[in-house]
Amino acid sequence: MLIAILTDIHANREAFTACLAHAEERRAQRYAFLGDFVGYGADPGWVVDTVMEYVADGAIAVQGNHDAAISQAAGKNMNPQARAVVEWTRSQLNEQQRNFLEQLPMTQETGHCLFVHATAADPHSWEYITGTVEALKSMYATQCRITFCGHVHQPALYNMSPTGKVSSFVPTGDSSIPLGTQRHWLVLPGSVGQPRDGNPAACYALYDDVTHELIYFRVPYDYDTAAEKIRSAGLPQSVGNRLQHGL
């Protein structure tokens, strides 16, 4: 089955629409959404409704820290701009949308795959996986051979050998990567709605659970419109500006 992995959509309708269309063109058969559906962007209601529709049709979805902040206090590591957007987002969502975000699970498993927003070692801590130390801890925390996670807004791929040696690299995109069955893998697809690696194109990945092949994609979208909608909503201008630079 060909699974589309999308994370950190951050209420960016334009980026989400582009990635969903791209995945459909490549005949994705199932979808997994790794959290942070809201925050930063100007279309939280539309994004949440869209995710809800996919979940009703069998998609996987887990909770991110921005989703949790809608019904809880924002985490201590959330920056002031993100906190301001959380407050605004609460006022934009109806009760059904807020309940959906609140009730999302922290993790889901299917076959040999684990889906989580942040680290599998302690999903509630919202720890960022920024290097091999955090990656190793996350991979050791699950029996699943492949972990898909978000939270980090840059694409990356880690693997652990049978002897516990960890290596990593930054995928270039659009090329097939075989995920050997003798290793453990940690897949960070990058962010759909807030990429931060200097490339403004949206990120997502496709995984084939039969051939064990993974492909990272960068999808161009209308980030100027997404940025203007953020500014028009009265949200911090810097949040919109960064979309145009992928920072």
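Taken together, the values in this text are just the output of simple stated rules run on the coordinates, not laboratory data. Note that this is a predicted model, so its numbers are computed, not measured. So basically every Cβ, Gly included, is an ideal-geometry build from the backbone, and we count neighbours across all protein chains shown.
Only residues that are within 20 Å of C113 (Cβ to Cβ) and out of contact with any Gly (no Cβ under 8 Å at 6 or more places or on another chain) were counted across the stretch 1-19, and they come to 7.
The residue that is farthest from P200 (Cα to Cα), counting only those in the stretch 140-164 that are assigned to a loop (DSSP other than H, G, I, E, B) and among the hydroxyl-bearing types (S, T, Y), is T163. Residue count for the stretch 176-212 under the criterion of being under 20 Å from Q29 (Cα atoms), surrounded by 17 or more Cβ atoms within 10 Å (Cβ to Cβ) and of a type in the set (S, T, Y): the result is 2. In the stretch 212-247, the qualifying residues are those that are assigned to a strand (DSSP E or B) and touching a Lys or Arg at 6+ places or on another chain (Cβ under 9 Å), and the one that is farthest from F148 (Cα to Cα) is F217. Here's a check for you: in the stretch 200-211, which residue that is part of a loop (DSSP other than H, G, I, E, B) and touching a His at 6+ places or on another chain (Cβ under 9 Å) is farthest from A42 (Cα to Cα)? Taking the candidates together, the pick is D209.
Of the helices (runs of 4 or more DSSP H) lying entirely inside the stretch 1-119, those containing at least 2 residues that are exposed (fewer than 15 other Cβ atoms within 10 Å of the Cβ) span 13-25, 44-56, 80-92, 95-103. Apart from one condition, Y221 fits all of (1) surrounded by fewer than 19 Cβ atoms within 10 Å (Cβ to Cβ); (2) within 26 Å of L2 (Cα to Cα); the exception is (1). Are any residues in the stretch 122-152 of a type in the set (G, A, S), more than 15 Å from F37 (Cα to Cα) and surrounded by 19 or more Cβ atoms within 10 Å (Cβ to Cβ), and if so, which ones? Matches in the stretch 122-152: A135, S138. The set of residues in the stretch 224-243 being surrounded by 13 or more Cβ atoms within 10 Å (Cβ to Cβ) and either free of Cβ contacts under 8 Å to residues at least 40 places away in the same chain or closer than 11 Å to A202 by Cα (or both) consists of D224, A227, E228, R231, G240, N241, L243.
Evaluation of K137 against the conditions (1) part of a loop (DSSP other than H, G, I, E, B); (2) touching a residue at least 12 places away in the same chain (Cβ under 8 Å) shows that the sole unmet condition is (1).
Of all residues in the stretch 125-134, exactly one satisfies the criterion of being of a type in the set (G, A, S) and in a helix (DSSP H, G or I), namely S125. Taken over the stretch 151-187, the criterion of being farther than 22 Å from H10 by Cβ, hydrophobic (A, V, I, L, M, F, W, C) and without any contact (Cβ under 8 Å) to a residue 40 or more places away in the chain is satisfied by M160, V166, F169, I177, L179. Could you list, in sequence order, all residues of the stretch 21-42 that are under 13 Å from the mean Cα position of the chain (by Cα) and hydrophobic (A, V, I, L, M, F, W, C)? Passing the criteria: A32, F33, L34, F37, V38.
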